[in-house]
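The values are calculated or read from the model by the stated rules, or taken from the named source; none is laboratory data. Keep in mind it's a predicted model, so treat the numbers as computed, not measured. Ideal geometry is used to build each Cβ from the backbone, glycine not excepted, and the neighbour counts take in all protein chains shown. Note: accessible area is taken over every heavy atom of the protein model, side chains too, but ligands, DNA and RNA are not part of it. Shrake-Rupley method; radii C 1.70, N 1.55, O 1.52, S 1.80 Å.
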Amino acid sequence: MKAIAVHAYGQPPRLDDVPEPEASGPDDVVVRIGGAGLCRTDLHIMDGWFADAIPADLPLILGHENAGWVHAVGPAVEHVAVGDPVICHPNLTCGVCRPCRVGDDMRCTSGPSLPGLMCAGGMAELFKTRARAVVKLAPEAAPAEVAALADAGLTAYHAVRKAVPDLGPGTSAVAVGAGGLGHIGIQCLKAMTPASVIAVDTSEEALKLAGSWGADHEVRADGQQAQQVRDLTGQGADAVFDFVGEDATIGDSVAMLRPGGTYYLVGYGGTVTLPTMAMVLGEITVAANLIGTYADLADLVTLADQGQVVLHSSRYPLEAANDAIDDLRHGRIRGRAVLIPG
């Protein structure tokens, strides 16, 4: 089968011919890929960011945002059958440790097992996962339209779900970055809370799209964005979701908060360096977010089924993966890029 694999860090991945995976274990599920999302984490994997912390054997097939149709199952799999459309959670967990038993999947004591980072991912014609990781979609679902929910959507949903108890009527929330994660976060905020939503981005085009996704206000990040948010909200926002997480957004995001507000760090790549006096006097909370649980993904799929969350995506054939990668690196993608096997 065809697959997109990293052979050396710092080099573009290649289109390889590789053996097809088989459902060799009792709970294995092989998925015929309908869409595999491409995100900045894939760029970080290619660039070797994780090489020391999470070693992987190369060549490595990329792809952790995967959806498609069940192609084969192991003998113990009962909740999905061949032909069912499914989306795949991006962590393969044991299911028996305490965190798994209580639904805290990302803290599985066997450690993370992330396709596309630690084992073969789904930028391929076929992808092997486990029964615990697959969420059944509606029969009429188009996997390519929801593939990026498996990470970008899941991560945004997970952060918003944490904030729901604090975002009642009359509150405000800021989405910093209206791109791949942010456009889903904005929709989740509108679907799950009555808060007024402010989108902040450097791109006028992204801000126009943010309005179509439900943002109540759009603020251009021109150096005055923190003051503009304070002017809109009176004393600052109740919650700020930083979907970028770079050095340029961290301090400004915290400066947008009201006293007692919470900074939800979702994107990554920068370093959090904040003045402790201002944090203490303002009683500011910092909440970091790592992907989300299986239950989060199932609930997000329900929102998508209801039409409350819609992915904005650009599609590329699998063979054009490096074109998609170049477009992502240079900021030419609005929403998410999704690779479609031929």
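Restricting the calculation to Cα atoms, every distinct pair contributes to the Kirkwood radius of segment 1-45, found to be 12.8 Å. Here the chain is assigned +1 on the Cβ of each Lys and Arg and -1 on the Cβ of each Asp and Glu. Its dipole about the Cα centre then comes out at about 460 debye. Rounded to the nearest 5, what is the percent of antiparallel bridges among the DSSP beta bridges in the chain? Of all bridge pairs located within the chain, approximately 50 percent are antiparallel.
Straight-line cross-link reach from Lys2 at under 23 Å between alpha-carbon atoms covers these lysines, not counting any fewer than eight positions away in the same chain: Lys128. Distances between placed amide hydrogens fall under 5 Å for Leu257 paired with Ala237, all partners being 5 or more residues away or on another chain. Each Cα pair of segment 79-144 feeds into the Kirkwood radius, which the Stokes-Einstein equation turns, at 4 °C and 1.567 mPa s, into a diffusion coefficient of 100 µm²/s.
Remark on Ser172: its backbone amide H falls under 5 Å from those of Ser196, Asp238, Ala239, a criterion applied only to residues 5 or more positions apart or on other chains, H modelled at 1.01 Å from N. Here the relative contact order of segment 53-154, from alpha carbon pairs under 8 Å that lie six or more residues apart, stands at 40 percent. The local environment of Ala138, defined by Cβ-Cβ distances under 14 Å, has a net charge of -3 under the rule Lys, Arg +1 and Asp, Glu -1. Taken per residue, the accessible surface of segment 58-118 reaches 42 Å², heavy atoms only and a 1.4 Å probe. Nonpolar atom fraction for the chain, defined as the carbon and sulfur part of the 1.4 Å probe accessible area, stands at 51 percent. Computed with a 1.4 Å probe over protein heavy atoms only, the accessible surface of segment 203-342 comes to 48 Å² per residue.
For the chain, the relative contact order works out to 18 percent when only alpha carbon pairs closer than 8 Å and six or more residues apart are counted.
Each peptide in 182-191, 56-65, 240-249 was scored by the mean count of other Cβ atoms within 10 Å over its residues; highest first, the order is 182-191, 240-249, 56-65.
Taking amide H atoms as placed 1.01 Å from N in the peptide plane, the amide H of Val219 lies under 5 Å from those of Ala199, Val200, Asp201, each 5 or more residues away in sequence or on another chain. 3J(HN,Hα) along segment 100-115, derived from phi through the Karplus expression 6.51 cos²θ - 1.76 cosθ + 1.60 where θ = phi - 60°, amounts to 5, 4, 9, x, 9, 3, 5, 9, 3, 6, 6, x, x, 9, 10, x Hz, with x in place of Gly and Pro. Listed by chain and number, the lysines whose alpha-carbon sits under 29 Å from that of Lys162, ignoring those within fewer than 8 places in the same chain, are Lys136, Lys190, Lys208. The label point for Ala53 and the one for Asp166, both projected 7 Å from the Cα toward the Cβ, are 2.4 nm apart.
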